[in-house]
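A short worksheet on the structure shown next.
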Amino acid sequence: MKKQILIVGSGFSGMWAAVSAARLSALEGEHNLKIAVLAPVPELRVRPRFYEEKVSTLVAPLTELFAELGIEFLAGSAERIDANAKTVTWRDRNGTESTVTYERLVLATGSQTRRPAIAGLAEYAFDIDQLESAQVFEQHLDSLTTRPASPERNTVVVCGGGFTGIELATELPARLRARFGNDSQTKVIVVERGAVIGGRYSEALRQTIEDASRELGVEWRLNAEVEAIDANGVTLKNGERIAASTVVWTAGVEANTLSQQIDGERDGQGRLKVTESLQVPAHPDVYATGDMAHAKTDDAGNTALMTCQHAIQLGKFAGHNAAASLLNIDPYPYRQVNYVTCLDLGAWGAVYTEGWEQEVKSVRDEAKKIKIAITNELIYPPAADKAVAFAAADPLAKFV
């Protein structure tokens, strides 16, 4: 009877985990491994691009790739994990409940925006966290063109000045002009609780973000927190009122709540702390990867971030190691020493840095070309060709 590796999630980490496991199985000439992916739809949603226009096009189908590699796809959503019984209970789109067993489980269900208990946030704030919510936001922007011009209509407040908030805020001036006209008086305001712009970044990177914001007309409210959101704008805790028809929440992410069903230590974002093989210590048959894993990237004390850059490599290692454990092959310790940052800054361009020190290497048009190469090509799934896919899925091959 075949031994099953079940991968929950078809995002960057889940997709690459499946391809990597299939790769090792093929290399070993092993026909007793069954690899299955459980996810709502057989597609990779290119989440890092959800700040862009035409978000419905930012998906990549996986059906042909999985068929070529002999990977089974289960269309549904995981609801319960019993790590002791080694089962996952899931529900398909028709509501039918099923249970699947596994020998190895790879948990790759990603993350979602953290939504704190702020008055009006659930009712009135948009987000670009998932494909569906990003589509709702885009439709809302389109609907604004039917309203009379006013400062309120023409103002967007972005709550959170992290990576996603910066990319969205710097893209929005162009998106708003495309709808209201080049002569329209639009305003984009970022509400950030930190004392400086881009507080978690290097001084050179912070300065670049500040320069781009100034040139694009993006305003920042620093040392500011949201008190309440309503249909007509935002009230800050310092008493300031910002009239706006559009409020977008981008502040903070947390691991998918399925992680709570697995015994183990977690970090402040709900990620399971894993071994260097990406196993959950309390349940060595369970591998956490992508945004579900708190994993050390090197021996210098750095840990993987909740980015596709790390999710892709984490997935390759997790899939390889899950298969290796069933084939009596030594696992690869997860390592990802190289780290880059490539931040889109809208019409200003972009900024590209290297190393954890975030040394700025290129800016504006040159960096924009790098950003486009990464997000439009490099992070997409491989072709439905075994040789191509398996070469790309090698955990030890250089990614960036």
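Quick check on the stretch 169-244: take the gyration tensor over C-alpha atoms, sort the square-rooted eigenvalues as a ≥ b ≥ c, and tell me if it's rounded (a/c under 1.5), prolate or oblate.
Oblate is the answer for the stretch 169-244, as a/c is 1.5 or above yet b/c matches or exceeds a/b.
Return the lysines within reach of K54: Cα separation strictly under 29 angstrom, same-chain partners fewer than 8 residues apart disregarded; answer none if there are no such residues.
Correct list for K54: K187, K368, K369, K371.
Quick check: net charge around I372, other residues with Cβ under 14 Å of its Cβ, Lys/Arg +1 and Asp/Glu -1?
Here the count lands on -2.
Sort out for me the Cα centre separation of the stretch 1-67 from the stretch 263-298, rounded to whole Å.
First find each Cα centre; the distance between them is then 20 Å.
Just name one of Q139, F163, W356: the one whose Cα is farthest towards the positive end of the charge dipole of the chain (beta-carbon charges, Lys/Arg +1, Asp/Glu -1).
Ranked along the dipole, the leading option is Q139.
Leaving out same-chain residues fewer than 8 places away, which lysines sit with a Cα under 23 Å from that of K296?
Partners found: K273, K316, K398.
Select from W249, A174, G264 the residue farthest towards the positive end of the dipole of the stretch 174-291; place +1 on Cβ of Lys and Arg, -1 on Cβ of Asp and Glu, and compute about the Cα centre.
A174
How much length would be gained if the chain were fully extended between D298 and L222, taking 0.36 nm per residue of separation minus their Cα-Cα distance, in nm to one decimal?
Here the segment from D298 to L222 would lengthen by 24.0 nm.
How many angstrom lie between the Cα centre of the stretch 196-210 and the Cα centre of the stretch 73-118?
38
Sorted by average packing, counted as other Cβ atoms within 10 angstrom per residue and highest first, what order do 305-313, 324-332 take?
Numbers: 305-313: 21.9, 324-332: 15.9.
Put in order of decreasing packing, that is 305-313, 324-332.
Which semi-axis lengths, in whole Å and largest first, follow from the square roots of five times the eigenvalues of the Cα gyration tensor of the stretch 1-131?
Whole-Å semi-axes of the equivalent ellipsoid: 30, 19, 12.
With a ≥ b ≥ c taken as the square roots of the eigenvalues of the C-alpha gyration tensor of the chain, please select rounded if a/c is under 1.5 and otherwise prolate if a/b is larger than b/c or oblate if it is not?
It is prolate, given that a/c is not under 1.5 and a/b is the larger ratio.
At 222 nm, what helix-only mean residue ellipticity would the chain give, in deg cm²/dmol to the nearest 500, using -39500 (n - 2.57) for each DSSP H run of four or more?
-8500 deg cm²/dmol
Which of the peptides 383-391, 187-195, 367-375 is most tightly packed, and how do the rest follow, judged by the mean count of other Cβ atoms within 10 Å per residue?
Going by the mean number of other Cβ atoms within 10 Å, highest first, we get 187-195, 367-375, 383-391.
By the gyration tensor of its Cα atoms, with a ≥ b ≥ c the square roots of the eigenvalues, what is the shape of the stretch 325-400: rounded for a/c under 1.5, prolate for a/b over b/c, or oblate?
Verdict is oblate for the stretch 325-400.
Select from T353, T250, T96 the residue whose mean-square fluctuation is largest in a Gaussian network model of the chain (Cα-Cα springs shorter than 10 Å).
Maximum fluctuation in the GNM of the chain, among the listed residues, is at T96.
What residue among T99, A323, V196 has its Cα farthest toward the positive end of the dipole of the chain, where the charges are +1 on Lys, Arg and -1 on Asp, Glu, each on the Cβ?
Of T99, A323, V196, it is T99.
For labels at E97 and R80 in the simple 7 Å Cα→Cβ model, what's the distance in nm?
Result: 0.6 nm between the two label points.
Please compute the net charge surrounding V274, taking Lys and Arg as +1 and Asp and Glu as -1 over other residues with Cβ under 11 Å from its Cβ. Let's see the in-between values first.
Working: positive: R266, R271, K273, K296; negative: E265, D267, E276.
After counting each charged neighbour, the total is +1.
State, to one decimal in nm, how far the label point of H140 lies from the label point of A204, with both points 7 Å from Cα in the Cβ direction.
Going by the 7 Å Cα→Cβ label model, 3.7 nm.
About its Cα centre, what dipole magnitude does the stretch 224-350 give when the only charges are +1 on Lys and Arg Cβ and -1 on Asp and Glu Cβ, stated in debye to the nearest 20? Write out the running numbers ahead of the final one.
Details: 8 positive and 15 negative charges, 31 e Å.
Charge dipole, the stretch 224-350, about its Cα centre: 140 debye, nearest 20.
Bear in mind that the values in this text are calculations on the coordinates, not laboratory data. For clarity, every value in this text was computed on a predicted model and none was experimentally measured. So basically every Cβ, Gly included, is an ideal-geometry build from the backbone, and we count neighbours across all protein chains shown.
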